């Protein structure tokens, strides 16, 4: 199943774990939460978060989530960007250094 990351916090309605019937409980799912097992049921999406099932309106949920990409190619590209190395461009050797903040031990 595909996994998605929330781009904002949402108030989702909890579902009964066995029957998937909506309960009268609302829980906050935080920004950055990973949801999976998405199933569209009419105008709401049912999904699981930390083993519990919830539902939320389809249009609002699609606007508040993005796919989590864990393909081997994207991980390899990220590791190449983070490691320094030497690349040859147009006959010149170019030193590739990642940009960012580094902790300096003193």
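Overview of values
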read-out	value
For 13, 18, 66, order by how many other beta-carbon atoms lie within 10 Å, fewest first	18, 66, 13
29, 35, 104 arranged by Cβ crowding within 10 Å, fewest neighbours leading	104, 29, 35
Sequence of 60, 43 once ranked by neighbouring C-beta atoms within 10 Å, starting from the fewest	43, 60
Extension gain (nm, one decimal) between residue 8 and residue 63, 0.36 nm per residue minus Cα-Cα	18.9 nm
Additional length obtainable on full extension of the chain from residue 18 to residue 36, 0.36 nm per residue less Cα span	4.8 nm
Pairwise label distance in nanometres, residue 26 with residue 104, each label 7 Å out on the Cα-Cβ vector	5.0 nm
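No value in this document is a laboratory result; all are computed from the given coordinates. These figures come from a predicted structure and were not determined experimentally. Using ideal geometry, Cβ is built from the backbone for each residue, glycine included, and neighbour counts are taken over all protein chains shown.
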